[in-house]
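First comes the structure, then the notes that go with it.
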Amino acid sequence: MSEPISIHVCDVRVVKARRDGHDVAGPLPQPQTITPTGLQMLFTNDWHPIMPANLFSMQRIYKPMKSARWQNTQKAIAHDLAQWWRFVLVNNLEWDAISAEDVSEYGYLMAESVSPFTHRQYSTSTVSRRLASIQNFYSWAWQTGMLSENPQEGCQDSISRFPIGPKSALLPHLGTASIVQRKRRGPRGRDPEDNPRPLKVNELRGVLNRLGPRIFGSDGAVLPWKVGDPSKRNRLMAEIAYHTGMRVDEIASISTSDVLNQARKLSSTDKWQQFVLTVRTKGRATRKVVVSSVVLRALVTYHDTERYEAILCAKKHNLDHLAFKEPTQLFVNGVCANFRDVGKPVSAETPSRAFTKAVLAEGLIIRSSGFKLDPESGDKLLDSDGRPVTFLINLAAHTFHDLRHTFAVMFYKSEVLRGNSEPWEKLRQLLGHSIAETTRKIYLKYIDTEEAAISDITAHYARMGLYGVR
């Protein structure tokens, strides 16, 4: 295998469409092409559109685009293909004359490369995803007739259809043809549930306080919350995660109508009421989640105050120069967001980033080594002995997903204390796992080794009545 070749980031441009295709900073294939807002397209350095990659990217999000939840998927595809095209250009290759060996060498290069953002080597899951994107692209190009041979032929694949509609015609001459695409699955990367890291009581308290003002009082009631108060949205989303075990994308999917419909059943006397919300989970499937009356009241209060203020602001500024359409999701970007985004649904990344920032601010860090990079080539800098030059990086010790783990271990221990020595099936249902063995596999090892810490957490929550951290 040849020596790794540096990838220069200036060889391919990734451009996001604004409002429509005519606003892109560069030429489009056809003046009449309709491009959805936010679509990220690839251009060469001299502003020639990279047509095969752009069309493939559009087709992969054709169906998700109808539900307005396609941006993150399409962004990942665009950046994966941009990295690949840089490799193709730097090595003087032709995209339509690629061999399996070329893809393998690219994978080797990625595995040895360092991210310019984190200064750490790319994770296995990132490399796997990028290779899977390339495999998907070439199978698709072969099926559409762009290639006479498929460089990925011989790999097992599954079949799905991505129709080309008239509003997604980045190549107008293909019209409304229906394309059969073979979807490839790359090697499975690390799942955030593989390594539970629940927060301790004092850690949780500190992080939540940095996310925003308190939401619950000492009696479990929702504290006064009015229009104009400092934002509590990120803290509320975090509180929901550790109260219910919901994933961050599930919390972001909570609908306003669901909350308000359930709120009609609230009792002024029964503080132990439970309600069921329907959320979108991994893979866009739905599941039912049980929430307490306290959590539901907090959601209603957010709707009547912070959300109300954001929607008014969005209507006032008339985003995108079109009539503002209020989103169905409960959680939206607040008044501090830019005028283009205020009032729009919050992405899962927003509370996740806020949580990571709060963890770092609280001093909950993991020290790791990063690689210094050559500003010209992007390669690792080497010392006089030929060894990579490293420096220490502070990484957040917890992610938003660890709130889900915190809920799980608390629930497990509380069930054991009540005499239920095997609460796996009940916990499985609360977490939305398909089988109890998945739940057991994730948490059993941690519970066996961290028994004392779990007991402390459970005792604390028992004293506080399972309500807000104080």
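Using per-residue counts of other Cβ atoms within 10 Å, averaged over each peptide, order 100-110, 77-87 from highest down.
Highest-to-lowest ranking by the protection proxy: 77-87, 100-110.
Enumerate the amide H contacts of Ile365 below 5 Å, restricted to partners 5 or more residues apart or on another chain; note that Pro and chain-start residues carry no placed amide H.
Ala397
Gain in length, Thr399 to Val290, computed as 0.36 nm per residue apart minus the alpha-carbon separation, to one decimal in nm? If you can, show how the numbers build up before the last one.
Values: separation 109, 0.36 × 109 = 39.24 nm, distance 2.29 nm.
Here the segment from Thr399 to Val290 would lengthen by 37.0 nm.
Give me the extension gain from Ser268 to Ser123: residue separation times 0.36 nm, minus the current Cα-Cα distance, reported in nm with one decimal.
Here the segment from Ser268 to Ser123 would lengthen by 47.1 nm.
What is the distance, in nm, between label points placed 7 Å from the Cα along the Cα-to-Cβ direction at Ile435 and at Cys336?
4.5 nm
Search the structure for amide H atoms under 5 Å from the amide H of Asn333, placed 1.01 Å from N in the peptide plane, and list their residues when 5 or more places away or on another chain.
Placed amide hydrogens put Gly343, Lys344, Val346 under 5 Å from Asn333.
Using the per-residue mean of other Cβ atoms lying within 10 Å as a proxy for protection, in what order, highest first, do the peptides 338-351, 290-303 fall? Walk me through the intermediate numbers first.
On the way: 338-351: 18.3, 290-303: 20.2.
In descending order of packing, they fall as 290-303, 338-351.
Using only the Cα atoms of region 332-438, build the gyration tensor, take square roots of its eigenvalues as a ≥ b ≥ c, and label the shape rounded, prolate or oblate: rounded if a/c is under 1.5, else prolate if a/b is larger than b/c, else oblate.
Oblate.
Calculate how large, on average over all directions, the projected area of the Cα convex hull of region 89-145 is; give the answer in nm² to one decimal.
Orientation-averaged projected area of the Cα hull: 4.5 nm².
Could you tell me the extents of region 209-353's C-alpha atoms along the three principal axes, largest first, rounded to whole Å?
46, 36, 30
Tell me, what is the FRET efficiency for Ser148 and Asn195 to the nearest 0.05, using R0 = 56 angstrom and their Cβ-Cβ distance as r?
0.80
If each of Asn209 and Lys325 carries a label point 7 Å out from its Cα toward its Cβ, how far apart are those two points in nm?
Result: 4.4 nm between the two label points.
Suppose a student asked you for the relative contact order of region 306-397, using Cα pairs under 8 Å spaced at least 6 residues apart; what percent would you report?
Relative contact order comes out at 22 percent.
Under the rule a/c < 1.5 gives rounded, and otherwise a/b versus b/c splits prolate from oblate, where does region 196-470 land using the Cα gyration tensor?
oblate
Only Cα pairs under 8 Å and at least 6 apart count here; give the relative contact order of region 196-470 as a rounded whole percent. Please list the in-between numbers first.
Values: 406 pairs, mean separation 67.3, N = 275.
Contact order relative to length: 24 percent.
Kindly identify region 285-371 as rounded, prolate or oblate by the Cα gyration tensor criterion: order the square roots of the eigenvalues as a ≥ b ≥ c, call it rounded if a/c is under 1.5, otherwise compare a/b with b/c, prolate if a/b is larger, else oblate. Intermediate values should be presented prior to the final figure.
Numbers: a/c = 2.20, a/b = 1.38, b/c = 1.60.
Verdict is oblate for region 285-371.
Since every read-out is calculated from the coordinates, none of them should be taken as a lab result. In this text, all values refer to a predicted model and were calculated from it rather than measured experimentally. All Cβ positions, glycine included, derive from the backbone under ideal geometry; neighbour counts span all protein chains shown.
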